[in-house]
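The values are calculated or read from the model by the stated rules, or taken from the named source; none is laboratory data. Keep in mind that this is a model prediction, so the values were computed, not measured. We place every Cβ from the backbone using ideal geometry, glycine too, and count neighbours over all the protein chains shown.
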Amino acid sequence: MEYEAVIGLEVHIEIRTRTKMFCGCPNQFGQPPNTLVCPVCLGYPGVLPVPNREAVDKTIAAGLMCGCRIAPFSKFDRKNYFYPDMPKNYQISQYDLPICTGGEIPIAGRGLSGSELAPRGIRLTRIHLEEDVAKSVHLGEVSGIDFNRAGVPLMEIVSEPDMHTADEAYAYLTALKQVMQYAEISDCDMEKGQLRCDVNVSLRPEGSTELGEKIEVKNLNSFRAVHRALEYEIERQMDALDYGDRLQQETRRWDDETGRTVVMRTKESAHDYRYFPEPDLMPLEIDRGWVDGLQVRLPEAPWVRRARFVEGYGLTPYAAQVLTLQKGLADYFEAAAGGHSNPKSIANWIQTELLRALGEAGLDVCNSPISPTALAELVALIDGGTISGKIAKEVFAEMFRTGALPQQIVASRGLEQVTDTGAIEALVERVISENPGPVAEYLGGKGKALQYLVGQVMRHSRGKANPKLVVAALRGRLDGDGGRG
């Protein structure tokens, strides 16, 4: 039997704020354990929470970026459970009246496995605001709790079960991370726990509309791990159904070393958490003015910018996808391409030379030694015939190493391209006389021999001769009189 996978994702994203969700403790990563705490985030009796306006603003902004409906009336709830990482034995969250509902995340481009994804939108169910829990630390046989993270503002973004492959889930997570970084809602650094993901996956016979038993997979610490876990879990469930086994709703843990999922527990339902309205917090009334004030400050969404790069600059969809992966990279491209006659060439230099050099140096594009205007100047020197593409790579390397401007480097090192036809014809005569074999091959019909002769002219000119003029001179000389003096 053929099956269709049905995938939904629950993504927790820590919001970038100055302070925690319900107290004044700093929201910072990497501080000594249990130093960013107070009676409120430690859950002492008698303390009262106060909502963080910045966190609410950024949750609304996240919803607007994703096309969600912003609720005019929202409230906080208590989610009750007992675990060492929750000092109050309940979490302040949202249940039936979240801040954001609906919306979607567009996906497109090439999947992690290399397959091309059909452009479409992945629907969102909701985005709600809550507080993060503390972090469990395991050192050998000893475990401890670091409460620095307890109370950090946290969004939970729940998708509809709209995905059907591991590639689609990977593309959704990539797009979601992009939009949160573009709007400066979160850094989404998974190594710091700022983005965490749980996967829900089930199988059903192809053509069926009824959902199968949902299996939740946890302990996914990278987008690649999500992709691997989904590929494994889909195959595992398919084998189980083919053997006649009955799947049941449960939570499994991904083991990255073995590449397998293992059972953790049977899945609890919402009523197990005994949700009820948080009595210490007033409901949120979000009026139109509040929403409009945030809307006007939002940046262009990455998928909108990607489409504009294709239509406005004539880039390929792949190039537009690469250049919009990070807002800083997209900003760099636009700063270099603005008003330039050859934005495609600028895009190519960024994708190849600049990203390679930045990667080798361990630098972000925001710290690039080559400014956008300097890169645009380099491309203009190529287009204007001042230097060749080969010489441009040498100039680029020195620009990256020293921060000097391309025109200064070209002038100081005498790298201007030779365009004097007399000088080029003299080099051509020399190469023809020194290479009778390749000349004979070319005259005998082997066109590739011409490239060898071009290379020899370029070598004698130390790469400074204009390649187009070299080719024209060689053809004129060889085709015109058969290569005889």
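I need the full set of residues from the range 388-418 which are touching a residue at least 60 places away in the same chain (Cβ under 8 Å) and of a type in the set (A, V, I, L, M, F, W, C), in order please.
ILE391
Within the set of pairs 6 or more residues apart or between chains, which connect a residue that is in contact (Cβ under 8 Å) with a residue 60 or more places away in the chain and farther than 19 Å from GLY480 by Cα inside the range 440-462 to a residue that is part of a helix (DSSP H, G or I) and of a type outside the set (Gly, Ala, Ser) with Cβ atoms less than 8 Å apart?
Filtered contacts from the range 440-462: MET458/LYS390; MET458/PRO467; MET458/VAL470.
Out of (1) under 23 Å from THR261 (Cα atoms); (2) out of contact with any Gly (no Cβ under 8 Å at 6 or more places or on another chain); (3) of a type in the set (A, V, I, L, M), what's the single condition that is false for LEU139?
Among (1) under 23 Å from THR261 (Cα atoms); (2) out of contact with any Gly (no Cβ under 8 Å at 6 or more places or on another chain); (3) of a type in the set (A, V, I, L, M), the lone unmet condition for LEU139 is (1).
Condition first: buried (at least 17 other Cβ atoms within 10 Å of the Cβ) and over 18 Å from the mean Cα position of the chain (by Cα). Now tell me which residues in the range 297-330 satisfy that.
Once the filter is applied, which keeps residues that are buried (at least 17 other Cβ atoms within 10 Å of the Cβ) and over 18 Å from the mean Cα position of the chain (by Cα), the range 297-330 yields TYR313, LEU315.
Counting just the residues of the range 201-260 that are assigned to a strand (DSSP E or B) and among the basic types (Lys, Arg), which one comes out farthest from the chain's Cα centre (by Cα)?
Within the range 201-260, the first condition is being assigned to a strand (DSSP E or B), and the residues that meet it are 201-205, 215-220, 250-255, 260.
Narrowing further to those that are among the basic types (Lys, Arg): 204, 218, 252-253, 260.
Details: ARG204: 31, LYS218: 22, ARG252: 27, ARG253: 25, ARG260: 26 Å.
Step by step, filter the range 201-260, then rank; the result is ARG204.
Test THR59 against the stated conditions and say whether it is of a type in the set (S, T, N, Q), out of contact with any Phe, Trp or Tyr (no Cβ under 8 Å at 6 or more places or on another chain) and closer than 24 Å to VAL226 by Cβ. So that I can check it myself, show each step before the final result.
Numbers: of a type in the set (S, T, N, Q): yes; out of contact with any Phe, Trp or Tyr (no Cβ under 8 Å at 6 or more places or on another chain): yes; closer than 24 Å to VAL226 by Cβ: yes.
Yes.
In the list VAL262, VAL199, which residue meets the criterion of being surrounded by fewer than 14 Cβ atoms within 10 Å (Cβ to Cβ) and either over 26 Å from TYR95 (Cβ atoms) or modelled with pLDDT of 95 or more (or both)?
On the way: VAL199 fails: surrounded by fewer than 14 Cβ atoms within 10 Å (Cβ to Cβ).
Exactly one of VAL262, VAL199 is surrounded by fewer than 14 Cβ atoms within 10 Å (Cβ to Cβ) and either over 26 Å from TYR95 (Cβ atoms) or modelled with pLDDT of 95 or more (or both), namely VAL262.
Between a first residue in the range 168-191 that is at positive phi and a second residue that is among the basic types (Lys, Arg) and part of a helix (DSSP H, G or I), which pairs have beta carbons less than 6 Å apart while being 6 or more apart in sequence or on different chains?
These pairs meet every condition: CYS188/LYS177.
Just to check your reading of the model, which residue among VAL11, VAL6, VAL56 is modelled with pLDDT of 95 or more, more than 26 Å from LYS192 (Cβ to Cβ) and β-branched (Val, Ile, Thr)?
Working: VAL11 fails: more than 26 Å from LYS192 (Cβ to Cβ); VAL56 fails: more than 26 Å from LYS192 (Cβ to Cβ).
Sole residue among the options that is modelled with pLDDT of 95 or more, more than 26 Å from LYS192 (Cβ to Cβ) and β-branched (Val, Ile, Thr): VAL6.
Tell me which of these ALA225 doesn't satisfy, since it passes every other one: (1) buried (at least 20 other Cβ atoms within 10 Å of the Cβ); (2) at pLDDT 95 or above.
Going through the list (1) buried (at least 20 other Cβ atoms within 10 Å of the Cβ); (2) at pLDDT 95 or above, ALA225 breaks only (1).
What's the number of the only condition in (1) under 18 Å from ASP57 (Cα atoms); (2) assigned to a loop (DSSP other than H, G, I, E, B) that GLN181 fails to meet?
With respect to (1) under 18 Å from ASP57 (Cα atoms); (2) assigned to a loop (DSSP other than H, G, I, E, B), GLN181 is out only on (2).
Taking the conditions exactly as written (modelled with pLDDT of 90 or more and either in contact with a helix residue (DSSP H, G or I) (Cβ under 8 Å, 6 or more places away or on another chain) or under 24 Å from ILE92 (Cβ atoms) (or both)), does LEU241 satisfy them or not?
Details: modelled with pLDDT of 90 or more: yes; either in contact with a helix residue (DSSP H, G or I) (Cβ under 8 Å, 6 or more places away or on another chain) or under 24 Å from ILE92 (Cβ atoms) (or both): no.
No, not satisfied.
So, restricting to strands (runs of 3 or more DSSP E) that lie completely within the range 87-170, which ones have at least 3 residues that are out of contact with any Phe, Trp or Tyr (no Cβ under 9 Å at 6 or more places or on another chain) and surrounded by fewer than 20 Cβ atoms within 10 Å (Cβ to Cβ)? Walk me through it before giving the result.
On the way: elements: 90-93, 104-110, 116-131, 135-139, 142-146, 153-159.
Filter on the range 87-170 gives 116-131, 135-139, 142-146.
Keeping to the range 409-420, report how many residues are at pLDDT 75 or above and surrounded by fewer than 14 Cβ atoms within 10 Å (Cβ to Cβ).
Number satisfying all stated conditions: 4.
Here's the yes/no breakdown for (1) closer than 30 Å to HIS227 by Cβ; (2) in contact with a helix residue (DSSP H, G or I) (Cβ under 9 Å, 6 or more places away or on another chain):
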{"position": "THR19", "(1), (2)": "no, yes"}
{"position": "PRO33", "(1), (2)": "no, no"}
{"position": "LEU36", "(1), (2)": "no, no"}
{"position": "CYS41", "(1), (2)": "no, no"}
{"position": "CYS68", "(1), (2)": "yes, yes"}
{"position": "ASN80", "(1), (2)": "no, yes"}
{"position": "LEU97", "(1), (2)": "no, no"}
{"position": "SER115", "(1), (2)": "yes, yes"}
{"position": "ILE127", "(1), (2)": "yes, yes"}
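Return the total of residues in the range 34-45 being surrounded by fewer than 15 Cβ atoms within 10 Å (Cβ to Cβ) and in contact with a strand residue (DSSP E or B) (Cβ under 9 Å, 6 or more places away or on another chain).
Selection size over the range 34-45: 1.
Which one of these does GLU360 not meet: (1) under 21 Å from ASN466 (Cβ atoms); (2) assigned to a helix (DSSP H, G or I)?
(1)
Residues that are more than 22 Å from PRO343 (Cα to Cα) and under 38 Å from the mean Cα position of the chain (by Cα): which helices (runs of 4 or more DSSP H) entirely in the range 373-485 hold 1 or more of them? Outline the logic, then answer.
On the way: elements: 389-402, 406-413, 421-434, 436-443, 448-460, 467-481.
Counting at least 1 such residues, we get 389-402, 406-413.
Across the range 280-296, which residue is farthest from the chain's Cα centre (by Cα) among those that are in a loop (DSSP other than H, G, I, E, B) and free of Cβ contacts under 8 Å to residues at least 60 places away in the same chain?
Taking the range 280-296 as the starting set, the residues that turn out to be in a loop (DSSP other than H, G, I, E, B) are 280-283, 286-287, 296.
If we keep only those that are free of Cβ contacts under 8 Å to residues at least 60 places away in the same chain as well, we get 282, 296.
Numbers: MET282: 37, VAL296: 24 Å.
Among residues in the range 280-296 that are in a loop (DSSP other than H, G, I, E, B) and free of Cβ contacts under 8 Å to residues at least 60 places away in the same chain, the one farthest from the chain's Cα centre (by Cα) is MET282.
Looking for whichever is more than 30 Å from ALA307 (Cβ to Cβ), over 21 Å from the mean Cα position of the chain (by Cα) and at pLDDT 95 or above here; the options are GLY46, GLY102, GLY151. Which one fits?
Values: GLY46 fails: at pLDDT 95 or above; GLY102 fails: more than 30 Å from ALA307 (Cβ to Cβ).
Going through GLY46, GLY102, GLY151 in turn, the sole match is GLY151.
Quick one: how many residues across the range 331-363 are of a type in the set (Lys, Arg) and free of Cβ contacts under 8 Å to residues at least 12 places away in the same chain?
Step one: filter the range 331-363 for residues of a type in the set (Lys, Arg), giving 344, 356.
Those still in the list that are free of Cβ contacts under 8 Å to residues at least 12 places away in the same chain too: 356.
Summing the residues that are of a type in the set (Lys, Arg) and free of Cβ contacts under 8 Å to residues at least 12 places away in the same chain in the range 331-363 gives 1.
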